[in-house]
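Notes follow the structure.
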């Protein structure tokens, strides 16, 4: 790599080479003598030496290639060092690279000679080309010669402040190398690390964190100020760096934030379903124990989430373990899908992932239960994979799925892989103990296996049955008898021993058989394995105590045999037992208690997972994989009871501006990433803020009803805050998040005081309502609110960083703010319908309030564009369920074309349920839906529908801007009917009013591939303006854009889910034709809409 | 991180070693050999093996063990993923990744390994960057090199490493600009002996071959993105666009790459395109067994089922099999008891069948398990999940588009 550098100093290089050459003559002779013993080796290397010393590049290269071959085979080529090192300054790149390879390999052994090459690298370190500097540093730091430590240190320090991020990256690598060479340099190296941690380049981040982990993993204080930066850069760091950073941040977060688990500690299991179905409950819980996640904690979780979709399995695993160790319990389950995906990867990947899933599934069955089938064993799996899958299936087993699992196990028992079959039997045993309902079934199944032809299977069954019987103190003498019968055929020692033990333990239940077994054993005693002998002695002793009449002689015989056994364990045991049970004058008090000693009731063995104790290690680590503490493992600390001061992560206000600066220079992708994120962050904070605030907002509503003064106070506080907000607004997202933090603190101080911007609007609206009610707002209050909104929006748009439609964003913002304001007031008044915290702009409308809002915004805000509700045109009704198929229940639906109450990204659907049967229907509700990811807001269960009656319910469906049908089940108390709603493409749009110039400017932005157009034929009756708009509006839920051009008609809308603009232009031409143009990013929608419009305009 | 790498062939010879830090004696591999001995099958060697001073993490591909030596805590997947990436790179460079290929190109291998890791930490793993640094060997270049003494090592500096799109070479130029996308879907299904599907899932990948000039920015959208349950992307794909709009937007690497892989959940019913009628019986007391297998297509939407390969691990007691295939050829390995039947194409008019008898070892009792049957097949031009692509060339006109798909049933 560094050739070009060395072109310049050829002369110097040549000098060095000459020096090396002179030196080599002396050393080579000595080394030659040393290696003289191996004459063939010596000769071969001699000819290589000649080649290296020749003048021909090609010969040298050939020689080097052969040397590399030697190295790769692990053969010693160190005697060639002098000859090779001369070529370090060669012009030929490949030759030089190979010399580097050689140098790095042997420099340690030939330290003095290696020093000859140093000057070449030192010169290259000053080269104007960054790659040459980097490569020189790389090789220099790889030469493990302690003498050059000061030189390396100097080079690293210099490179750490190099202009090129690539060189800085190399210096981060060099830090680790130097540290392993000389640990005394630690303090100085930490300084360099500290400096590099501040680096804003994504190239450096991964490497420096790696160096940090290697050199000073305990210096967590170095991370504080870089924490937010690392979180934000994470997506753009190369994949290997991501793994290291995520692991480090996991450790960091565990020391800095308080546990998010306290609140839902009770709901350790099955939390997911719980929260999904009933978020109101969660709300209540929060009120009980307020836990507010540190925004930095949230930032980390949010920024790592997209990495679950990385192609790099190590990254996915790192994120999964981060969520496992850091996320609130109900959020952890988002990693499930990705982990299951990894199971399709290479075998080794599967192995590690399955190990981790096994640990996770012990604590959280619910996470993996829906994916149970993914853990079914395939005949092609390797044995260790099979065993792990078995482990997981056993962990997942519960009352509901045990029958399926057992059926699957039955197949596994028959497997030709006997080790696996044995493991399956163990698993059956565990299922049997864990789930009492199936214990008997399992036991019977295992008894059947006793007659299996395969010995290992039988042996394993015996062992497991033994354990099961021990846990089941009930009568099982039949099984014991059966096993006694099989005893002759079983040869596996462990199984024999187990049977003998069972006989002894339950000898009173099988009084006739046990002595007979002992008799048989007495015959074969000498030929048995040690373990069997020990158990025979045990059996004899127990029988002697319970049934001495029959077995006295037998016992004595066995004890005599045991006395002279070769194995001293058996001799010892025999002596002990004899003293214990046979009364003699010497044996003291023990004899009396022999019965109690030998026949004491034993605690049942606990059959538990081998992964039970693995959770002491951090998931995804080598330690976890091996279940031993490996060198260099960093313990994951427990959550602190009280969070350390979060302000240490604050960065000066100027910092973020610098931070974004390099990313502005980058190409499109990372920039838009950053945007997306900072944007998202803002919104999410709003969302989560509103979630956690609900308690206080409701309390504020309560107070606002009685006291006007308080709300005044609040609003004045708001004004203060507004001004401070606008001051800070230029500081970008970093500042705004820190600000939110300070506000959070404020919140802690005085709970009732609103902590965030959205709150302040809440307070405003609260005061509005208090004074004037929702309908008539005084101009002063609305002015106030709009002023605060403006400052908000300006801040938003700053931190949001300019999206392509920045202008529109800015303009629509006030309107959005009004909505969210409304939302909070609604929360106070209406029954609370929670918006999931993930929804960016959660807004709740009721249509009547909405119209008020419209008036408000139109009069007050000079916005050029709004989303409106104005929609007309005939409402088409579709059949959802015919009364014949629905057993009397019929359902029709239409799209009311109103913004959805539940979530802005949902399309509102009005469903009319009619009971045309002769009996009343009960509990009409929505059941399963597919695809499972479909986001549907169900209507409340209709408790009872009398015959002939009909009820209209509304629901919201997020179609994600696609016309794919939403399938779900409509359930009554007795029946379930699968139905589907397929939206017309026009229903996926919301009207948007805008002025003509805005329309045109937006349209210009959506040219090229975003434009779809066609010339269409029009029915003659259709050519009037009213008719056209009527037709268009009947097809699509768009708004008319007033225009003064006669032959042009324009309509504007936004898609419901993503809010992308949809612009429709109709240009009338002669002879009943028209040019229809649709501009939108959603090209699929455009073509579908075009088709629908074409049809509608042609028909009428 | 990664200390050293040893490559070990099937017969247990270490044929290549490379050290990134100080040299680790190859005797460390003895622990690996021990584990290898304990494992009955080559696949059963545990991927992570502890030794007193080191940890060995290995992957087995193309019958070569790649054993990495680790000295301290590191996520095992990190190493495993890297080793697989090394194998992929070798395959990319030499076409195959065999012991012979590696030995022949040992210098290139060494150069590659040198670039891929620095001090045990991955440095450059993108194939586009590596190819800029070290040119892949071709026959022509090898010849020219030996004559002229020129090199495989790239003359330019790896500028890609610096850019924000590290996966793409700079200054790409083509006279014919073209991009191909292959949708390959695999069904993985377990079917019980009565023919009902126990579990089936679809795993799909979109492989792309993009040869476009400059810095093209492409978008790709799906007809029905909701089908895709879980997706993982090449780093070039913008996560955010996908999250927000379900559109793939990316600046592609040059050449072949895997754009994304996706997973269609097993909740959806998967129609398995073939069926098997089987009748494998062993009579008690007799040393003969009957074997009867018939394959047939179902729900293939008129597409031909090709490259059908049936394999079955017969019970240990089977001595030999005397079978008669209606088409294709079959082999039975008396040592491993593996029966393979290369069927070829299924003709719906004349269904392929394999009939005959099996001889059991004298005295051996009737095997109590039924053998599992693995079937692999391909169907061109069909995506079982119904995935369909729209293409939107952003800056360039795409010349053509091809699509092929493949199914595998196990």
Residue check for residue A:133: within 12 Å of chain B (Cβ to nearest Cβ) and in contact with a strand residue (DSSP E or B) (Cβ under 9 Å, 6 or more places away or on another chain)
no
Note on residue A:898: of the conditions (1) buried (at least 20 other Cβ atoms within 10 Å of the Cβ); (2) at pLDDT 60 or above, unmet is (1)
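Yes/no per residue for (1) closer than 25 Å to residue B:102 by Cα; (2) modelled with pLDDT under 85; (3) within 14 Å of chain B (Cβ to nearest Cβ); (4) touching a strand residue (DSSP E or B) at 6+ places or on another chain (Cβ under 6 Å):
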site	(1), (2), (3), (4)
A:23	no, yes, no, no
A:39	no, yes, no, no
A:44	yes, yes, no, no
A:63	yes, no, yes, no
A:66	yes, no, yes, no
A:69	yes, no, yes, no
A:79	no, yes, no, no
A:98	yes, no, yes, no
A:122	no, no, no, no
Six or more apart or on different chains, Cβ atoms under 7 Å: show the pairs whose first residue is in the range A:327-345 and facing chain B (nearest Cβ under 8 Å) and whose second is part of a helix (DSSP H, G or I) and buried (at least 19 other Cβ atoms within 10 Å of the Cβ).
A:338/A:308; A:338/A:316; A:338/A:320; A:340/A:371; A:340/A:374
What single numbered condition from (1) within 22 Å of residue B:39 (Cα to Cα); (2) at the interface with chain A (Cβ under 7 Å from one of its Cβ atoms) fails to hold for residue B:111?
(1)
Pick from the range A:935-962 the residues that are part of a loop (DSSP other than H, G, I, E, B) and surrounded by 17 or more Cβ atoms within 10 Å (Cβ to Cβ): which of them is farthest from the other protein chains (Cβ to nearest Cβ)?
A:939
Within the range A:346-373, which residues are assigned to a helix (DSSP H, G or I) and within 7 Å of chain B (Cβ to nearest Cβ)?
A:347, A:348, A:349, A:351, A:352, A:373
Among the residues of the range A:149-156, is any in a helix (DSSP H, G or I), at pLDDT 90 or above, under 38 Å from the mean Cα position of the chain (by Cα) and over 22 Å from residue B:5 (Cα atoms)?
yes
Long-range neighbours under 9 Å by Cβ, at least six apart or interchain, first residue within 11 Å of chain B (Cβ to nearest Cβ) within the range A:624-641, second in a loop (DSSP other than H, G, I, E, B) and exposed (fewer than 12 other Cβ atoms within 10 Å of the Cβ)
A:631/B:53; A:634/A:218
Criterion: modelled with pLDDT of 85 or more, within 14 Å of chain A (Cβ to nearest Cβ), in contact with a strand residue (DSSP E or B) (Cβ under 9 Å, 6 or more places away or on another chain) and over 30 Å from residue B:252 (Cα atoms) - qualifying residue of B:309, B:360, B:351:
B:309
Please return the ranges of strands (runs of 3 or more DSSP E) entirely within the range B:1-100 where 1 or more residues are at pLDDT 90 or above, within 16 Å of the chain's Cα centre (by Cα) and away from chain A (no Cβ under 11 Å).
B:64-70
Having 3 or more residues that are over 21 Å from residue B:125 (Cα atoms) and within 25 Å of the chain's Cα centre (by Cα) is the bar; report the strands (runs of 3 or more DSSP E) wholly within the range B:170-274 that clear it.
B:178-191, B:197-211, B:255-264
Restricting attention to the range A:348-362, does a residue exist that is surrounded by fewer than 22 Cβ atoms within 10 Å (Cβ to Cβ), in contact with a helix residue (DSSP H, G or I) (Cβ under 7 Å, 6 or more places away or on another chain) and free of Cβ contacts under 8 Å to residues at least 24 places away in the same chain?
no
Can you find even one residue in the range A:398-413 that is buried (at least 18 other Cβ atoms within 10 Å of the Cβ), without any contact (Cβ under 8 Å) to a residue 40 or more places away in the chain, within 23 Å of residue B:337 (Cβ to Cβ) and not assigned by the TED database to the domain that holds residue A:489?
yes
Among residues of the range A:375-387 being at pLDDT 85 or above and at the interface with chain B (Cβ under 7 Å from one of its Cβ atoms), the residue farthest from residue B:61 (Cα to Cα) is A:376
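Just checking, how many residues over the range A:1008-1055 are within 14 Å of chain B (Cβ to nearest Cβ) and either over 49 Å from the mean Cα position of the chain (by Cα) or at pLDDT 80 or above (or both)?
So the count comes out to 2.
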Taking the options A:1015, A:1077, name whichever one is farther than 27 Å from residue B:217 by Cβ and in contact with a strand residue (DSSP E or B) (Cβ under 6 Å, 6 or more places away or on another chain).
A:1015
Is it true that residue A:187 is outside any helix (DSSP H, G or I), surrounded by fewer than 19 Cβ atoms within 10 Å (Cβ to Cβ) and on the phi < 0 side of the Ramachandran plot?
no
Got a sec? Which of A:54, A:90 is modelled with pLDDT under 85, more than 9 Å from every other protein chain (Cβ to nearest Cβ), farther than 29 Å from residue B:24 by Cα and under 50 Å from the mean Cα position of the chain (by Cα)?
A:90
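The values are calculated or read from the model by the stated rules, or taken from the named source; none is laboratory data. All values reported here derive from a predicted model rather than from experimental measurement. With ideal geometry, Cβ positions are generated from the backbone for all residues, glycine too; neighbour counts draw on all protein chains shown.
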